[in-house]
Amino acid sequence: MSKEKFLSLIKNQRKQKKTKRFSGTFIDYLELISENPDIVKSSHKRLYDALTSHGVEIIEDSDSRKNKIFDGDNVKIYTYFKSNFFGMERVISKIMRFLRSASLKGEESRQVLLLMGPVGAGKSDLTENIKRSLEGETFFHLGGDPQRGEPLHLIPRNLRDKFTEELGIHIDGDISPIARFKLLEEYDGKYENFPVVETSFSQRARRGIASVPPMDANSQDVGVLIGSEDISKLDKYPEDDPRVLSLNGAFNVGNRGIVELIEVFKNEIEFLHTVITATQEKRIPSPGKNDLIHFDGVIIAHCNESEWNRFRSEHTNEAILDRIVKVEVPYVLELNQEMKIYEKILSKSDFDDHIAPHTLKIASMFSVMSRLKHTQKCDILTKMKIYNGEDVIEKGRVKKIDIKDLRDEAYREGMTGISTRFIMKAIDSALSDSEKSMITPNAVIESLIKQVKEQVINEEDRDIYLEILQKVIREEYLKILENEIAKAFITAYEEQAQSLFDTYLDNSECYTNRTTVKDRITREERHPDVDFMKSIEECIGIVGSSTDGFRSDITAYMFAKMRRGEKIDYKSYGPLKEAIESYLISSVKDIARIVTRSKSRDDDQKKKYNEMIGTLIDEYGYNEDSAEEVLTYASNNLWRDS
Ligand SMILES: Nc1ncnc2c1ncn2[C@@H]1O[C@H](COP(=O)(O)OP(=O)(O)O)[C@@H](O)[C@H]1O
Ligand SMILES: [Mg+2]
């Protein structure tokens, strides 16, 4: 772009900004309101509107998560959060419910919203996003007022009923001491002439959005919250003169918008008294000798569980506790959603190295399993799969474990375990250890093991984590790999699977109904091929007397589906799909031989090997290095007996 073009870009933007903003007197403002009463809003309402303006949907019936994860509930999905937060629908709904009640002036409008959860569960990021939703939105306030008060507060008490009637707006609150001083000194009490301006929210410019980091006891100064007296002006003006006030504390800045209290309970309790009056009375102390100042802002705080427990256990904190609505922000326990977190974090970084297939899944399996509570009902891998909405097949049947029962018995699940940051660190270090600018499942597993050994101090946890990594995850990874390799190398895998399925279904129907099968090609009638059925059933451990039941179950299931007009294919019934796939996989053993004997491959085998690498790259997302690595790994760990 040329210099001129840049300049015109800048000027255009500036012009737009200028023309759009309102600036006038209080009378002009009143006129504006009568045209558009919607511009007057409480902070809670403004925030709620800003967040919902992006759209709200109800989870679709066709979304399998509705029934499998959310127990059929009509969970709301807020578009604003959708592309940045995963598996947090319940948490977000609770936050939105709080804001909605608060926006209707319910008791919530006098409460602090506290997000409580383990490190790395997304509390800070969530709050950051909530604050950001206001950026660019505008609000109207008294000109020259550091508290940026609502102009309607100029209306004297005895006139408010009239105005409320006229405008349909309830007026609640008073102007700040500085605005009052201006009103009397500069406008001679004629509030109709008081200037009103329109301003946009901006955290960086400290307009309507304030953030308070935790402070240690020594540096703790309540001025950070409520402003202070300007000492240099104290010899110029008397002590109670509003001109000595510097209303630049967080509760001054965040008036009309949001005040965020980061890791709130790291502060001394005295520090938090402002929070009590701000909620209870909607007023905050003024520095010096002035009266309390009206405050209207959303207060959002966050903390971890141990801080919360410590705080809660002290009965002197009751007054504040009474002012808190706590929303728990647990870790994600749904594998597919956990994976999306790492995809998001990586996509936002400069990272552009190769990530081999399954790498993030393996990492996520670890974090999710580390967070699960032990149960008698099933093993930890099964529990993870059920929490992910998957059907788990065992002994030829879909395992009937209710996700609700699992959740009910697991008190505080999601509040402990491995954090997102722990995983990200392991991914980063796997990457820096890699000589080939790539990360693979194996590298991540290694890096996680190392990190657990170095950093997990609690011995019991460490043992569990190592078992998950070294045993559960490794075994599961091999299974995933075996399946993938089979699919990649059995030519026309799907067709073969489908044809096995058709043949099996024909046979089992006839077997169950004691009729004969018509051969699909020769049209000859013959008896059901029991040996064939057995060879499939064996793959998932259905043998002996249980075969009859299995066959009639499948026949009934499939024909019920067909009657309902649903399409059926080899994936329709979980157990049969498993059986067919593992039947196909056993034929991979031929391939295994080619992979394993790298030294003695003849030309033909070399060609075949290269084709395999090609397929892994073209169709499965590997690169040359990771494809080689995965085949070597598979040949060393799978098909040992071939
Ligand atoms: N459920 C989630 N969805 C999307 N991102 C998440 C989720 N949980 C954690 N994260 C990400 O993990 C990182 C750490 O989160 P952060 O907000 O700093 O955690 P906390 O403040 O709870 O310690 C952030 O990059 C955040 O975006
Ligand atoms: Mg945080």
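Restricted to the range 83-138, and to residues that are more than 10 Å from ligand 1 (Cβ to nearest atom) and of a type in the set (Val, Ile, Thr), which residue is surrounded by the fewest Cβ atoms within 10 Å (Cβ to Cβ)? That would be 138. Filtering the range 108-124 to residues that are within 17 Å of residue 92 (Cβ to Cβ) and more than 8 Å from ligand 2 (Cβ to nearest atom) leaves 108, 113, 114, 115, 116, 117, 121, 122.
Going by what's in this entry, would residue 137 be described as within 26 Å of residue 307 (Cα to Cα), over 22 Å from the mean Cα position of the chain (by Cα) and more than 16 Å from ligand 2 (Cβ to nearest atom)?
Values: within 26 Å of residue 307 (Cα to Cα): no; over 22 Å from the mean Cα position of the chain (by Cα): yes; more than 16 Å from ligand 2 (Cβ to nearest atom): yes.
No.
Just checking: which of the helices (runs of 4 or more DSSP H) contained wholly in the range 23-119 hold 3 or more residues that are of a type outside the set (Phe, Trp, Tyr) and touching a strand residue (DSSP E or B) at 6+ places or on another chain (Cβ under 7 Å)? Reasoning before the result, please.
Details: elements: 26-35, 43-52, 64-68, 79-82, 89-103.
Because the criterion is at least 3 residues that are of a type outside the set (Phe, Trp, Tyr) and touching a strand residue (DSSP E or B) at 6+ places or on another chain (Cβ under 7 Å), the helices (runs of 4 or more DSSP H) in the range 23-119 that meet it are 43-52, 89-103.
Among the residues of the range 212-241, just one is open to solvent by less than 40 Å² (accessible area, probe 1.4 Å) and part of a strand (DSSP E or B), namely 212.
Kindly indicate whether residue 163 is away from ligand 2 (no atom under 16 Å from the Cβ), among the aromatic types (Phe, Trp, Tyr) and open to solvent by 40 Å² or more (accessible area, probe 1.4 Å).
Taking the combined requirement at face value, the residue satisfies it.
One residue stands out in the range 170-182 among those that are part of a loop (DSSP other than H, G, I, E, B), open to solvent by less than 20 Å² (accessible area, probe 1.4 Å) and in contact (Cβ under 8 Å) with a residue 24 or more places away in the chain: the one that is nearest to residue 242 (Cα to Cα), namely 176.
Out of the range 21-35, which residues are open to solvent by 70 Å² or more (accessible area, probe 1.4 Å) and of a type outside the set (A, V, I, L, M, F, W, C)? Once the filter is applied, which keeps residues that are open to solvent by 70 Å² or more (accessible area, probe 1.4 Å) and of a type outside the set (A, V, I, L, M, F, W, C), the range 21-35 yields 21, 23, 31, 34, 35. Scoring residue 399 on the criteria (1) at positive phi; (2) surrounded by fewer than 22 Cβ atoms within 10 Å (Cβ to Cβ) leaves a single failure, condition (1).
Results for (1) in contact (Cβ under 8 Å) with a residue 40 or more places away in the chain; (2) over 41 Å from the mean Cα position of the chain (by Cα), shown as yes or no for each residue.
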position	(1), (2)
545	no, yes
554	yes, no
573	no, no
580	yes, no
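Would you check if residue 467 is within 30 Å of residue 573 (Cα to Cα) and at pLDDT 95 or above?
Numbers: within 30 Å of residue 573 (Cα to Cα): no; at pLDDT 95 or above: yes.
The answer is no for residue 467.
Inside the range 417-442, residues that are of a type in the set (Gly, Ala, Ser), surrounded by fewer than 23 Cβ atoms within 10 Å (Cβ to Cβ) and touching a Leu at 6+ places or on another chain (Cβ under 9 Å) make up a count of 2. Residues in the range 257-316 that are of a type in the set (S, T, N, Q), assigned to a helix (DSSP H, G or I) and away from ligand 2 (no atom under 16 Å from the Cβ) were compared, and the one that is surrounded by the most Cβ atoms within 10 Å (Cβ to Cβ) is 274.
The values are calculated or read from the model by the stated rules, or taken from the named source; none is laboratory data. Note that this is a predicted model, so its numbers are computed, not measured. Note: ideal-geometry Cβ built from the backbone for every residue, glycine included; neighbour counts use all protein chains shown. In case anyone asks, the SASA skips ligands and DNA or RNA and just uses the protein heavy atoms, side chains included. Shrake-Rupley method; radii C 1.70, N 1.55, O 1.52, S 1.80 Å.
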